[in-house]
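Read-outs throughout are calculated quantities, based only on the coordinates presented, and are distinct from any laboratory measurement. In this text, all values refer to a predicted model and were calculated from it rather than measured experimentally. All Cβ positions, glycine included, derive from the backbone under ideal geometry; neighbour counts span all protein chains shown.
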C-alpha cells in the first residue's frame, strides 16, 4: 500500500484517482494518529508527502525515520513534493529523510508511473528508479 498526505482536496483526489487507475492501493494520512493506524493495519511500501503543508509533512516523514520506527517502517520509501519555489521545505524534507523531493509539476506529469514504481519497490534509497 502507498500512503499519501495531501495538503488539499485537489491533490488527494488526483492521487486517489491515479492509484485506482493503475490498480495500486493508496490511503490518505492526515495526522500522525492516522499514520500510526495505517502502519498497524497494512504493510506500507511508500508514502507521498505534500510540502505545501510542510509542518505536517515533516511530522510524518520524521516519524518514519526516527528512533521509534521499526526497520520495516524505515524502509518505507518517501517521496515529498511541493511548489518548485519551496526550497526551504525541500531541504527540510531531505534532512528529515525523504528519499526523493520533487516539484509538484514533475509528480503531476508522471503520477501514474510514480505510483506503479513505488508500489513495486522500484525506488531505491537514493531515489533512483531501479531496473529489474
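Here are some notes:
- Protection proxy ranking for 98-105, 86-93, 70-77, using the average of other Cβ atoms within 10 Å per residue and placing the highest first: 98-105, 86-93, 70-77.
- Note on residue 73 and residue 108: the model spin-label points, each 7 Å out from Cα along the C-beta direction, lie 3.4 nm apart.
- Grouping the Cα pair distances of the stretch 2-48 into 5 Å bins from zero gives a pair-distance distribution of 5, 22, 32, 24, 14, 2 percent in increasing distance order.
- Note on residue 36 and residue 21: the extension gain reaches 2.8 nm, defined as 0.36 nm multiplied by sequence separation minus the Cα-Cα distance.
- Mean separation of Cα contacts under 8 Å (6+ apart) over length of the chain, as relative contact order %: 25 percent
- Its alpha carbons considered, the stretch 2-119 gives a radius of gyration followed by a Dmax of 12.8, 36 Å.
- In the chain, the DSSP-assigned H stretches of four residues or longer account for a calculated mean residue ellipticity at 222 nm of -14000 deg cm²/dmol, using -39500 (n - 2.57) per stretch and the full residue count as denominator.
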